[in-house]
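K.L.:
Quick one: the structure is below, questions incoming.
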Amino acid sequence: AWVAGMLKQKLNDDLKDAMRARDSRRVATLRLIAAAIKEQEISNRGEADSQGLSDEAIIQILSKMVKQRRESIRLYEEGGRVDLAQQEQGEIAIIEGYLPKQMDAAEIRQVCSQVKSELNASGLKDMGRCMGVIKDRYAGRIDMGEASKTMKSELS
């Protein structure tokens, strides 16, 4: 487990270790993560509190990277490029090592049901409010697509 605010440091340390170990796949993936973080930090420069990204912001970047790779895998598999799909899968495994444990379907159902009763949500008109709360509380630990499907069936 890592301490809040320490994720970026851990990524940097792990990159140095991977370089020493000559683990080229890990080095390449960690460099992609570092580049994505740097890019986000540069685009935040104009904002008042730009001392770097919070762990939550880094987790969002990592989640987005996993999502992009899953989409690439789907396209590679449709195109018969198993080699490229496996490479993306390897990157996902590395990136997910820095993400909090993801909720399973039962946990997602429980969260949706809890938020629904908390907000007294009674229909699809409340979908946006419910998903907003879920995103605020569980970003990085919950698959928002699955949560959305589950919430929709809870509310209908």
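The values are calculated or read from the model by the stated rules, or taken from the named source; none is laboratory data. On a predicted model such as this, the values are computed, not experimentally measured, just so you know. We place every Cβ from the backbone using ideal geometry, glycine too, and count neighbours over all the protein chains shown. All accessible areas refer to the heavy atoms of the entire protein, side chains included, with ligands and DNA or RNA removed. Shrake-Rupley method; radii C 1.70, N 1.55, O 1.52, S 1.80 Å.
K.L.:
Here is a list of conditions, (1) closer than 29 Å to Cys130 by Cα; (2) open to solvent by less than 30 Å² (accessible area, probe 1.4 Å), and Glu56 meets all of them except one; can you say which number that is?
P.N.:
Of everything listed in (1) closer than 29 Å to Cys130 by Cα; (2) open to solvent by less than 30 Å² (accessible area, probe 1.4 Å), Glu56 misses just condition (2).
K.L.:
Next question. Give me a count of the residues in segment 31-77 that are charged (D, E, K, R), under 22 Å from Gln102 (Cβ atoms) and modelled with pLDDT of 95 or more.
P.N.:
Summing the residues that are charged (D, E, K, R), under 22 Å from Gln102 (Cβ atoms) and modelled with pLDDT of 95 or more in segment 31-77 gives 4.
K.L.:
Same structure again: Given the criteria under 23 Å from Arg25 (Cα atoms) and assigned to a helix (DSSP H, G or I), does Ile95 qualify?
P.N.:
Criteria met by Ile95.
K.L.:
Kindly establish whether Ser113 is surrounded by 13 or more Cβ atoms within 10 Å (Cβ to Cβ) and either at pLDDT 95 or above or under 19 Å from the mean Cα position of the chain (by Cα) (or both).
P.N.:
No: the conditions fail for Ser113.
K.L.:
Moving on. Identify, please: which residue in segment 116-135 is among the polar types (S, T, N, Q) and not in a helix (DSSP H, G or I) and is, among those, least open to solvent (accessible area, probe 1.4 Å)?
P.N.:
Across segment 116-135, the extreme among qualifying residues is Ser122.
K.L.:
For Gln86, indicate whether it is open to solvent by 50 Å² or more (accessible area, probe 1.4 Å), closer than 30 Å to Asp14 by Cα and at pLDDT 95 or above.
P.N.:
yes
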